[in-house]
Amino acid sequence: MKYVEKVLKSLKKQNPNEPEFHQAATEILTTLAPVIEKHPEYEAAGLLERFVEPERVIMFRVPWVDDKGKVRVNKGYRVQFNSAIGPYKGGLRFHPSVNLSIIKFLGLEQILKNSLTGLPIGGGKGGSDFDPKGKSNREIMAFCQSFMTELYRHIGADTDVPAGDIGVGGREIGYLFGQYKRIRDEHVGVLTGRGLSYGGSLVRTEATGYGLIYITEEAMKARGDSFKGKTVIISGSGNVAIYACQKAQSLGAKVVAMYDSNGYIYDPNGIRLDVIKDIKEVKRGRIKEYAERVNGSVYTEGCRGIWSVPCDIALPCATQNEIDKKSAELLVKNGVKYVAEGANMPSTLDAIGVFQSSGVVFLPAKAANAGGVATSALEMAQSSGRMFWSFEEVDAKLKSIMVNIYHNIDNAAKQYGFEGNYVMGANIAGFVKVAEAMLAHGIV
Ligand code: NDP
Ligand code: 2IT
């Protein structure tokens, strides 16, 4: 389609050297063609050109002092991408690979993901190339305080509400919140994923992993299938992976493999999550230790080897582009039936093609991992209302949001004649609401 092609071409020209951003934009825009055709008013209003251009990009210096007294400098980012349906909302990623391209791809994805939750949240993302690995608590605190000393002026409970992502969990959110409160003298819901003692919500820690399993369960139910007795592999061993594992096991699945960036473990008896939690959440150690502690399990150096483990269900929960065409072909050859993305953009465009042409049920990230940000929005609601809901209450809301997302993307795919294509379904269902809001606001 001409309009889509024109916008994509100019995006690549105007934003050179941003391969992840190009990849996410290509996936989204090419699947929106049928909607754009139906709505000529979108082109007349320059809607796509505006949709792919962030409302604001903030880049800043983050100086801090390490334990040896040495001055260190990192790059800080916040991309406030789209506020048409609500305040900017999205996580902060601390990882040495972070650059503008990665933050922009995550921000663009976040707009549609947040729209799919049905809750009033816009899209944003931020982070730093700071590497939390091997740093002392004092170093983490020094970095977080410096990061917030710039970020505070750009965010607010009704403006932009960051949260966690890779390398940013409860500890980091605590230090960031402490510094925000100290500078602004405001105890408000400016960050989500807060601790339960200072305004956090029950279930937020578990939400992304649980949500991933809830939506996959719904897709299975629609096919007369269930998690019971299924073999599952999960990449990563961080926040999303751990709680996806917990919920899948509680539904009777056998999770046989997980990884960290160094290598993967295979446990034919089923992963012992208590051991993983101890290694990862308590000791912040390496997954290699699992094989030393659990009889019958094997550790293999190199994380990508995980995709050679035969399974019924694959849940990529670590990072972008962790499944390429070859890994996808291997998964299909070994009989995978469902792939649901806990991480953001873990499958390359080629890998998605392989899954879709092989009849694998493929649930894309913006639908499958929306449970985290949805529960963040529930945390915001509790903050504004000065309320605290029970675990059961939040969990029930999360489940119903995920079930709704499944049916919305399924219906959108059917409505446009692409039954079972959830990449199209998710992009279309997410985009329509944002487009309507943008049209209503005039040229802004
Ligand atoms: P964590 O930092 O808790 O865990 C990340 C996991 O992925 C770790 O096991 C880490 O291994 C591994 N990992 C990270 N980068 C790489 C890499 N380049 N190569 C190989 N392995 C890597 O992060 P989360 O669990 O929070 O996030 C995981 C994914 O889920 C991300 O894509 C994130 O964007 C997405 N997501 C997170 C949400 C949330 O609520 N937290 C919500 C929605 C999506 P190691 O420890 O060795 O680095
Ligand atoms: O990618 C994501 O959706 C997140 N990292 C969670 C964002 C949030 O605001 O809870």
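Listed values, structure above:
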| read-out | value |
| --- | --- |
| Cross-link pairs beyond the 20 Å C-alpha cut-off, checked among Lys133/Lys326; Lys75/Lys104; Lys221/Lys337; Lys247/Lys333; Lys230/Lys337; Lys366/Lys397 | Lys133/Lys326; Lys247/Lys333 |
| Positive dipole terminus of the chain, leading residue within Asn344, Phe227, Gly238 (C-beta point charges) | Gly238 |
| Heavy-atom accessible surface of the chain: percent carbon and sulfur, 1.4 Å | 51 |
| Calculated from backbone phi, Karplus (6.51, -1.76, 1.60) coupling profile of the range 335-350 in Hz, x at Gly/Pro | x, 4, 10, 10, 10, 10, 8, x, 7, 8, 6, x, 9, 5, 4, 5 |
| Loop-resident sites, the range 160-258, for GluC sites (Glu not before Pro), counting at most 13 other Cβ within 10 Å (DSSP) | Glu186 |
| Given charges at beta-carbon only (K, R positive; D, E negative), |dipole| of the chain in Debye | 700 |
| Arg223 paired with Val298, simple spin-label distance in nm, labels 7 Å along Cα-to-beta-carbon | 2.8 |
| Dipole of the chain, positive end: most advanced residue of Phe94, Val52, Gln249 [Cβ charges, Cα centre] | Phe94 |
| Per residue solvent-accessible surface (Å²) - the chain, probe of 1.4 Å | 39 |
| Taking the range 147-264 and dividing mean pair separation by its residue count, relative contact order in percent (alpha carbons under 8 Å, at least six apart) | 20 |
| Prolate/oblate/rounded call for the range 135-202, Cα gyration tensor, a/c under 1.5 rounded | oblate |
| Relative frequency of Cα-Cα separations exceeding 43 Å in the chain, percent | 8 |
| Difference of contour (0.36 nm per residue) and Cα-Cα distance, Ser400 to Phe388 | 2.4 nm |
| Förster-model FRET efficiency, 22 Å R0, Glu49 and Lys433, C-beta, rounded to 0.05 | 0.70 |
| Sequence-separation-based contact order of the chain, relative, with Cα cut under 8 Å and 6+ spacing, percent | 15 |
| Loop trypsin sites (Lys or Arg not before Pro), the range 137-243, which have at most 12 other Cβ atoms in a 10 Å radius of their Cβ (DSSP) | Arg223, Lys228 |
| Most positive-pole-ward Cα, Leu398, Met380, Val434, against dipole of the range 355-444 from beta carbon charges | Val434 |
| Point-charge dipole on Cβ atoms (K/R +1, D/E -1) for the range 197-324, about Cα centre, debye to 20 | 200 |
| The range 29-106: translational diffusion in µm²/s, Stokes-Einstein, Kirkwood Rh over Cα pairs, 4 °C, 1.567 mPa s | 84 |
| Dipole moment magnitude, nearest 20 debye, the range 311-417 about Cα centre, only Lys, Arg, Asp, Glu C-beta charged | 180 |
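The values are calculated or read from the model by the stated rules, or taken from the named source; none is laboratory data. Predicted model only: the values in this text are computed from it and were never measured. For neighbour counting, all protein chains shown are included, and Cβ atoms are generated from backbone atoms with ideal geometry for every residue, glycine included. With ligands, DNA and RNA removed, areas are computed over all heavy atoms of the protein, side chains included. Shrake-Rupley method; radii C 1.70, N 1.55, O 1.52, S 1.80 Å.
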